[in-house]
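Q: Take this structure first; my questions come after.
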Amino acid sequence: MTIDAFTLEDDGRDVVLCECFARDGLQHEPNHLATSAKVDLVTRFAELGFARVEATSYSNPKVIPQFADASAMLQALPRKPGVFYKATCANMRAVERALADAEAGFGANEISLLVSATDTHSQKNLARSRADQWRNVAEMAAAAADRFRLIGTISMAFGCPFEGRVDPESVLADVGRFRDAGVRHIALGDTTGTATPRTTADLFRRMRNAYPDVHPIAHFHDTRGTGLVNYVAALDQNVRHFDCAIGGVGGHPVKVKYGGGHTGNVVSEDLIDLFENMGVKTGVNIDALLETVEACEAALGRELQGRVARSGLNPLRNALNHRD
C-alpha cells in the first residue's frame with residue numbers, strides 16, 4: 001500500500017472528516033465483530049465519500065482483543081483511490097507490524113502516533129510515562145516517516161479526569177515536539193468531553209498561530225453533549241480536519257477504564273447534516289448516509305446515539321443550500 005498522489009481531501013470539499021467507527025468505535029465494544037463485517041463497513045465508509053477512514057489498530061491483542069485481526073482485515077480490504085486508511089500505533093512493535101503489512105502490499109497508508117497530555121492518563125492508557133512515550137514517538141516517527149502519512153494525537157488536550165486542567169502551553173509544546181519529529185497532521189483530543197467552545201477556539205487559535213505549517217485535527221468526544229458546538233468553534237478557527245464516528249460510538253478500550261457515562265465520539269451523521277446545512281461541503285454522500293447508519297446499527301445489534309438517524313435529515317437542507 002502506497003500513498004496516492006491524488007487524495008479526496010483536495011477534491012473541493014471544505015472539510016475533511018475521518019470516520020472512526022471501525023477503530024475508536026469498536027475498541028469500546030465488548031462484543032467483537034467478524035473480520036468480514038469490519039471490511040464491509042470500512043468499504044462502505046470509503047464509498048460514502050470519507051477521505052479518511054480509521055480502519056484498525058495494531059494494538060496488543062491481550063489488551064485490546066478487538067483488533068487481533070488487524071493484518072487479516074487490511075489484507076481483505078479493497079481500497080478506493082484517494083482515501084487514507086489509518087491504523088493506530090501505540091508503540092514501536094505496532095509500527096513494525098504496520099511496516100511489515102505495507103511491505104506485503106496491503107497495509108495502511110496513514111498511521112497515528114499517540115501521546116497523552118498528562119502522565120496519569122499516559123500510564124493508564126499506554127502503560128508508560130509521557131517521557132517514555134515521547135522517546136517511543138521519536139523512534140516510531142523515524143522508522144515510519146518515509147512509508148506513511150503520520151498523524152500525531154494528543155489525548156486529554158483540554159483537560160484530564162485524573163489531573164484536572166491541562167496547561168495550553170504544555171499542549172502547544174507537544175505539538176512542537178510532534179512537528180520536530182516530522183509530523184504535520186496533529187489532532188488535539190478532547191478525550192472525555194471537557195472542552196467548551198471558548199477553550200476550543202483559544203487552543204486551536206494558538207496552535208495555528210504557533211505552527212502555521214501544521215494541519216490541526218479536532219478529535220472530540222461528545223461526553224457532555226458539547227461535541228457539535230465545539231466543532232463549530234474549531235471550524236471558525238479554520239480547522240479543516242475533524243474526527244467523528246457513525247452513531248457516536250467509541251471511547252476508551254473496554255479493558256482500560258477512564259471517563260464515565262457516555263464516552264462516544266461526535267456523531268458523524270449529526271455533524272455531516274449540520275455542516276452541509278451550514279453550506280460547509282463534507283464530500284460525503286448525504287443521501288446515502290442513513291443507509292450506512294443502519295448497517296452500523298445492524299452490525300452492533302442495537303440503536304446508536306445519533307439524533308439525525310431518529311429524526312431524519314434536516315428537511316430544509318435543499319432550501320438552505322440554495323438561498324440567494
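The values are calculated or read from the model by the stated rules, or taken from the named source; none is laboratory data. Model, not experiment: these values are computed from the prediction. Note: ideal-geometry Cβ built from the backbone for every residue, glycine included; neighbour counts use all protein chains shown. Ligands, DNA and RNA are stripped out before the accessible areas are found, and what is left, the full protein with its side chains, is counted by its heavy atoms. Shrake-Rupley method; radii C 1.70, N 1.55, O 1.52, S 1.80 Å.
Q: Any idea which residue in segment 257-281 is modelled with the highest pLDDT, counting only those that are in contact with a Lys or Arg (Cβ under 6 Å, 6 or more places away or on another chain) and not in a helix (DSSP H, G or I)? Working first, answer last.
A: The first filter runs over segment 257-281 and keeps only residues in contact with a Lys or Arg (Cβ under 6 Å, 6 or more places away or on another chain), leaving 258, 270, 277, 281.
Of the ones still in play, those that are also not in a helix (DSSP H, G or I) are 258, 281.
Numbers: Tyr258: 51, Lys281: 97.
Only one residue fits best here, namely Lys281.
Q: Looking only at strands (runs of 3 or more DSSP E) that lie completely in segment 1-118, which have at least 2 residues being touching a Pro at 6+ places or on another chain (Cβ under 9 Å), charged (D, E, K, R) and modelled with pLDDT of 95 or more? It would help to see each step written out before you state the result.
A: Details: elements: 16-19, 52-57, 84-89, 110-116.
Once the strands (runs of 3 or more DSSP E) in segment 1-118 are filtered for at least 2 residues that are touching a Pro at 6+ places or on another chain (Cβ under 9 Å), charged (D, E, K, R) and modelled with pLDDT of 95 or more, nothing remains.
Q: Still on this model: Let me confirm something: among Glu29, Glu9, Glu54, Glu19, which residue is charged (D, E, K, R) and under 16 Å from Leu114 (Cβ atoms)?
A: Numbers: Glu29 fails: under 16 Å from Leu114 (Cβ atoms); Glu9 fails: under 16 Å from Leu114 (Cβ atoms); Glu19 fails: under 16 Å from Leu114 (Cβ atoms).
Answer to the selection: Glu54.
Q: State all residues of segment 79-101 that are buried (at least 21 other Cβ atoms within 10 Å of the Cβ) and among the hydrophobic types (A, V, I, L, M, F, W, C); if no residue qualifies, say none.
A: Val83, Phe84, Ala87, Cys89, Ala90, Ala94, Val95, Ala98, listed by residue number.
Q: Which residue pairs have Cβ atoms closer than 7 Å, lie 6 or more positions apart in sequence or on different chains, and pair a first residue in segment 41-56 that is within 22 Å of Arg97 (Cβ to Cβ) with a second residue that is open to solvent by 10 Å² or more (accessible area, probe 1.4 Å) and part of a strand (DSSP E or B)?
A: Cβ pairs passing all conditions: Arg52/Phe84.
Q: Just one of (1) more than 23 Å from Arg149 (Cα to Cα); (2) buried (at least 22 other Cβ atoms within 10 Å of the Cβ); (3) among the hydroxyl-bearing types (Ser, Thr, Tyr) trips up Thr196, so point out which.
A: (2)
Q: Could you run through segment 27-40 and say how many residues are surrounded by 22 or more Cβ atoms within 10 Å (Cβ to Cβ) and either among the hydroxyl-bearing types (Ser, Thr, Tyr) or under 24 Å from Gly283 (Cα atoms) (or both)? Walk me through it before giving the result.
A: Applying the first criterion (surrounded by 22 or more Cβ atoms within 10 Å (Cβ to Cβ)) to segment 27-40 yields 27, 38.
Remaining after also requiring either among the hydroxyl-bearing types (Ser, Thr, Tyr) or under 24 Å from Gly283 (Cα atoms) (or both): 38.
Here the count works out to 1.
Yes or no, residue by residue, for (1) in contact (Cβ under 8 Å) with a residue 12 or more places away in the chain; (2) within 23 Å of Val16 (Cα to Cα):
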{"position": "Cys160", "(1), (2)": "yes, no"}
{"position": "Gly164", "(1), (2)": "no, no"}
{"position": "Glu169", "(1), (2)": "no, no"}
{"position": "Ala173", "(1), (2)": "no, no"}
{"position": "Arg179", "(1), (2)": "yes, yes"}
{"position": "Leu188", "(1), (2)": "yes, yes"}
{"position": "Thr191", "(1), (2)": "yes, yes"}
{"position": "Thr200", "(1), (2)": "yes, yes"}
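Q: If I ask for residues that are buried (at least 20 other Cβ atoms within 10 Å of the Cβ), in a helix (DSSP H, G or I) and either on the phi > 0 side of the Ramachandran plot or out of contact with any helix residue (DSSP H, G or I) (no Cβ under 7 Å at 6 or more places or on another chain) (or both), which ones from segment 162-178 would you list?
A: Within segment 162-178, Asp174, Phe178 qualify.
Q: Looking only at segment 179-193, count every residue that is open to solvent by 10 Å² or more (accessible area, probe 1.4 Å), more than 21 Å from Phe84 (Cβ to Cβ) and part of a loop (DSSP other than H, G, I, E, B) and tell me the total.
A: Looking only at segment 179-193, we keep the residues that are open to solvent by 10 Å² or more (accessible area, probe 1.4 Å), and these are 179-182, 184-185, 191-192.
Now drop any that are not more than 21 Å from Phe84 (Cβ to Cβ), which leaves 180, 191-192.
Among the residues that remain, those that are also part of a loop (DSSP other than H, G, I, E, B) are: 191-192.
Final tally of qualifying residues: 2.
Q: Quick one: in segment 105-123, of everything that is out of contact with any helix residue (DSSP H, G or I) (no Cβ under 8 Å at 6 or more places or on another chain) and either aliphatic (A, V, I, L, M) or open to solvent by 40 Å² or more (accessible area, probe 1.4 Å) (or both), which residue is nearest to Met73 (Cα to Cα)?
A: Going through the qualifying residues, I end up with Gly105.
Q: Output the residues belonging to segment 41-58 that are among the polar types (S, T, N, Q) and open to solvent by less than 10 Å² (accessible area, probe 1.4 Å).
A: Looking only at segment 41-58, we keep the residues that are among the polar types (S, T, N, Q), and these are 43, 56-57.
Matches in segment 41-58: Thr56, Ser57.
Q: A follow-up question, please. Every residue in segment 208-244 that is surrounded by fewer than 22 Cβ atoms within 10 Å (Cβ to Cβ), assigned to a helix (DSSP H, G or I) and in contact with a strand residue (DSSP E or B) (Cβ under 7 Å, 6 or more places away or on another chain), please.
A: Arg208
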